[in-house]
1. Among the residues of region 120-167, how many are among the hydroxyl-bearing types (Ser, Thr, Tyr) and over 18 Å from Leu63 (Cα atoms)?
2. Return yes when Glu122 is among the acidic types (Asp, Glu) and surrounded by fewer than 16 Cβ atoms within 10 Å (Cβ to Cβ) and no when it is not.
3. Which residues, taken from region 81-91, are more than 29 Å from Val8 (Cα to Cα) and out of contact with any Leu (no Cβ under 8 Å at 6 or more places or on another chain)?
4. Before we move on, is Leu7 exposed (fewer than 13 other Cβ atoms within 10 Å of the Cβ), over 19 Å from Lys91 (Cβ atoms) and aliphatic (A, V, I, L, M)?
5. Output the residues belonging to region 185-222 that are at pLDDT 90 or above and among the acidic types (Asp, Glu).
6. Considering region 92-147 alone, what residues qualify as being among the charged types (D, E, K, R), in contact with a Leu (Cβ under 9 Å, 6 or more places away or on another chain) and in contact (Cβ under 8 Å) with a residue 40 or more places away in the chain?
7. How many residues does region 35-57 contain that are β-branched (Val, Ile, Thr) and in contact (Cβ under 8 Å) with a residue 40 or more places away in the chain?
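The values are calculated or read from the model by the stated rules, or taken from the named source; none is laboratory data. Just so it is clear, the structure is predicted and the values come from calculations on it, not from any experiment. Here the Cβ is made from the backbone with ideal geometry for all residues, glycine too, and neighbour counts use every protein chain on show.
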Amino acid sequence: MARLARLVIPHQQHHVIQRGNAGALIFQDAEDYNSFLDWLKQAARLFDVAIHAYVLMPDHLHLLLTPGDEPGLGKMMQWLGRHYVPYFNRKYQRAGTLWQGRYRATVIESATYFIPCSIYMESNPLRASLVQDLLDYTWSSYRHHVGLTIDPLITDHSCYWALGNTPFQREAAYKQSLEQGLSSTQISEITQATTKAWMLGSSRFKIEMSKLTERRVEQVKRGRPRKAQESI
């Protein structure tokens, strides 16, 4: 059976994840991270994709973004692969694919999930015990969001701007939200939606997006439908 086409909705936010093949490393030194970010910046500009948050981990990466049109996201990821994979293979004298299958993209309801998704990805190095302080991790947008640096790759989203009237207020509010952490329910919802590439949002949002795209936006529940309970 043909696989379901990836769901991409222009002007909606998407949480994208790409993993290394069989858990292999996709970044091994600072040059790798910097090269990828340089190409990502170029690709985002070429294909009209706004990058709102990101984290590059040794064996996978997360992006929170908004495509300007339907083909833009796929073209950006393909362009990145055509530039980064040959570079990586030449440098480490390897051949073949670097990625574990297709990248996964999950459409999210920004009002509810934008900040949690951003926190989810930027706190990844802490959960993986790569650092004890996220300010020490260079390869994410966290330092941008808390005002330590200005990342030219990042296009700030309206949900981030809504955190405060001034840069200081936004940065402080974001840092506080990240330090408070996500609930186990939020982490589970984001993880499952991203893993399965199904939409993350309220029932109303999913209905609206389903009408807009004229296709399923969430997994169909298995099993026979329950019979209506007879009146007593």
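1. Total meeting the criteria: 3.
2. no
3. Arg90, Lys91
4. Here the answer is no, as Leu7 does not meet what is asked.
5. Result: Glu189, single match.
6. Result: Glu109, Glu122.
7. Counting residues in region 35-57 that are β-branched (Val, Ile, Thr) and in contact (Cβ under 8 Å) with a residue 40 or more places away in the chain gives 2.
Residue by residue, here is whether (1) within 22 Å of Arg127 (Cβ to Cβ); (2) touching a helix residue (DSSP H, G or I) at 6+ places or on another chain (Cβ under 7 Å) holds:
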position: Val16; (1), (2): yes, no
position: Lys41; (1), (2): no, no
position: Ala53; (1), (2): yes, yes
position: Leu64; (1), (2): yes, yes
position: Trp79; (1), (2): no, yes
position: Tyr84; (1), (2): no, yes
position: Thr97; (1), (2): no, yes
